[in-house]
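Structure, as structure tokens:
The values are calculated or read from the model by the stated rules, or taken from the named source; none is laboratory data. Note that this is a predicted model, so its numbers are computed, not measured. Cβ sites come from the backbone with ideal geometry, for glycine too, and all protein chains shown count toward neighbours. We work out accessible area using only protein heavy atoms, side chains counted, and drop any ligands, DNA or RNA first. Shrake-Rupley method; radii C 1.70, N 1.55, O 1.52, S 1.80 Å.
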Amino acid sequence: MKLALRLAKKGVGWVNPNPMVGAVIVKNGEVIGRGNHEFFGGPHAEANAINACTRSPRGATMYVTLEPCFHKGKTPPCVKLIVERGIKRVVIAMPDPNPKVKGKGIEFLKSNKVKVETGILEEEASLLNESFVKFIQTRKPFCLYKGAMTLDGKIASVTGDSRWISGEASRKLAHQLRQQYSAIMVGVGTILKDNPTLDTRRSRKISKDPLKVIVDSMARISLDAQVLTNKPHLTLVAVTKKAKKAKIAEIRRVGAQVVLCPEAQDQVDLKYLMLALGSMDIDSVLLEGGGTLAFSAIRDGVVDKVLFFVAPEFIGGKKAPTILEGDGIRRVSDAIHLNKISLKMLKEDIVIEGYLPCSQES
């Protein structure tokens with residue numbers, strides 16, 4: 001099953017909004033076939049593993065990270081293929097989280113005299129597909145807020161200089177995350193200040209750029225911004241009725257998408273925006289800031305998880321921007337607490353990861 005999980009990870013960023021799945025077929029103690037779901041719309045892991053078999057899988061055992069599908073989608077049901085090829089035992093890490101199909105694949109296999117075992121490395125499999133689990137159950141994207149800060153919580157100096165707070169290893173991981181998530185979200189302030197491309201840059205690896213979501217209630221974005229001049233079809237600008245219709249038309253004319261959102265506390269309603277992204281099959285969002293947008297997203301309960309890179313250094317400065325800004329929480333007793341916290345070192349940086357309470361409710 002560990003091998004199947006490693007195979008599943010090869011689909012990171014390519015299979016969304018489908019899950020990452022790996023499958024291994026064993027016969028007489030020997031691995032005779034292995035496969036993973038490689039890209040959205042392509043064959044499932046089970047089919048790839050069967051087709052890769054070096055000899056007949058009849059009588060073999062299949063280890064698969066997710067319950068084989070029972071329903072017909074872009075590909076035929078995997079359970080029927082398993083039965084047809086004579087596989088007699090299937091070991092499953094986790095059931096299908098879709099309430100409409102959960103358990104039906106297992107029932108079909110059992111009814112066709114296939115022995116089924118479940119729950120092997122289930123926690124690891126569920127964590128691997130945490131975005132898929134939330135999306136398939138709620139139709140809302142899983143949201144990770146990623147930020148880099150100093151020990152005193154600063155994301156830039158008083159002059160606005162922020163290169164580089166985090167180390168090279170942390171920045172490399174940040175670009176790997178861009179490959180993993182379907183969309184990357186920033187506020188228009190980040191675009192006006194830094195004019196980033198928001199592309200995925202991974203040395204010597206083929207990458208897929210995410211949808212670039214710009215939260216811009218008044219459509220202040222410059223038409224010369226790199227997100228509008230470089231692959232504008234991959235850019236979506238979220239505005240409110242405060243945006244001028246002429247500017248909206250200009251943004252659309254260059255090839256970008258515009259979503260008109262209602263207002264919440266005089267800003268883009270982020271809950272509405274997340275629902276809109278979910279309707280577009282965006283299963284996951286990487287939120288990269290800045291501090292005002294991040295606070296609003298956490299306050300509104302749309303952030304599921306945070307990942308902070310903390311550099312062991314101080315900047316200071318009363319007016320230096322911090323990792324979270326906005327209006328803030330008035331009482332310490334009302335502070336938002338993280339769950340399932342992990343802490344590790346990544347070269348010179350401290351990496352803190354944790355889940356927001358809303359992730360347990362979604």
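In whole Hz, what ³J(HN,Hα) sequence does the stretch 231-245 give by Karplus (6.51, -1.76, 1.60; θ = phi - 60°), x for Gly and Pro?
Karplus values, whole Hz, x for Gly and Pro: 6, x, 5, 9, 10, 10, 10, 9, 10, 10, 5, 6, 6, 6, 4.
Using the heavy atoms of the protein chains and a 1.4 angstrom probe, tell me the accessible area per residue for the stretch 281-362 in square angstrom.
Ligands and nucleic acids excluded, the result is 55 Å² per residue.
Treating each Cα of the stretch 226-273 as an identical point scatterer and ignoring solvent, apply the Debye formula and state log10 I(q)/I(0) at q = 0.32 Å⁻¹.
-1.10
So what is the calculated 222 nm ellipticity per residue for the chain, using -39500 (n - 2.57) for each DSSP H run with n of 4 or more, over all residues, to the nearest 500 deg cm²/dmol?
Result for the chain, helices only: -7500 deg cm²/dmol.
At what distance in angstrom do the alpha carbon centres of the stretch 286-307 and the stretch 76-111 lie from each other?
Between the Cα centre of the stretch 286-307 and that of the stretch 76-111, the gap is 38 Å.
How high is the FRET efficiency from His233 to Thr75, r the C-beta distance, R0 25 Å, rounded to 0.05?
That pair, His233 with Thr75, gives E of 0.40.
Looking at Thr61, Met20, Ala174, which one has the Cα that reaches farthest to the positive end of the dipole of the chain (charges on Cβ: Lys, Arg +1; Asp, Glu -1)?
Of the listed residues, the answer is Thr61.
With only alpha-carbon pairs counted, each pair once and no self-pairs, how large is the Kirkwood hydrodynamic radius of the chain in angstroms?
By the Kirkwood definition, the hydrodynamic radius is 22.1 Å.
Work out from phi, with θ = phi - 60° and the Karplus expression 6.51 cos²θ - 1.76 cosθ + 1.60, the ³J(HN,Hα) of each residue of the stretch 217-223, listed in order in whole Hz, and give x for Gly and Pro.
Ordered by residue, 3J(HN,Hα) equals 4, 9, 6, 7, 4, 7, 5 Hz.
Apply 1/(1 + (r/R0)^6) to the Cβ-Cβ distance of Phe314 and Phe39, taking R0 = 51 Å, and write down the FRET efficiency to the nearest 0.05.
After rounding to 0.05, the efficiency reads 0.65.
For helix 168-180, report the angle its Cα long axis makes with the longest principal axis of the Cα atoms of the chain; keep it between 0 and 90° and round to the nearest 10°.
The angle comes out at about 60 degrees.
Explain nothing, just compute: Karplus ³J(HN,Hα) = 6.51 cos²θ - 1.76 cosθ + 1.60, θ = phi - 60°, for every residue of the stretch 266-280 in order, whole Hz, x for Gly and Pro.
6, 10, 4, 6, 5, 5, 5, 4, 5, 5, 5, 5, x, 5, 9
When only C-alpha pairs under 8 Å and at least 6 residues apart count, what is the relative contact order of the chain, in percent?
Relative contact order here is 16 percent.
Give me the extension gain from Thr54 to Lys10: residue separation times 0.36 nm, minus the current Cα-Cα distance, reported in nm with one decimal.
Extending this stretch completely gives an extra 13.7 nm.
Could you sort 82-88, 47-53 so that the peptide with the highest average Cβ count within 10 Å comes first and the rest follow in order?
47-53, 82-88
Could you give the nm distance between label points at Lys102 and Val31, where each point is 7 Å from its Cα heading toward the beta carbon?
3.1
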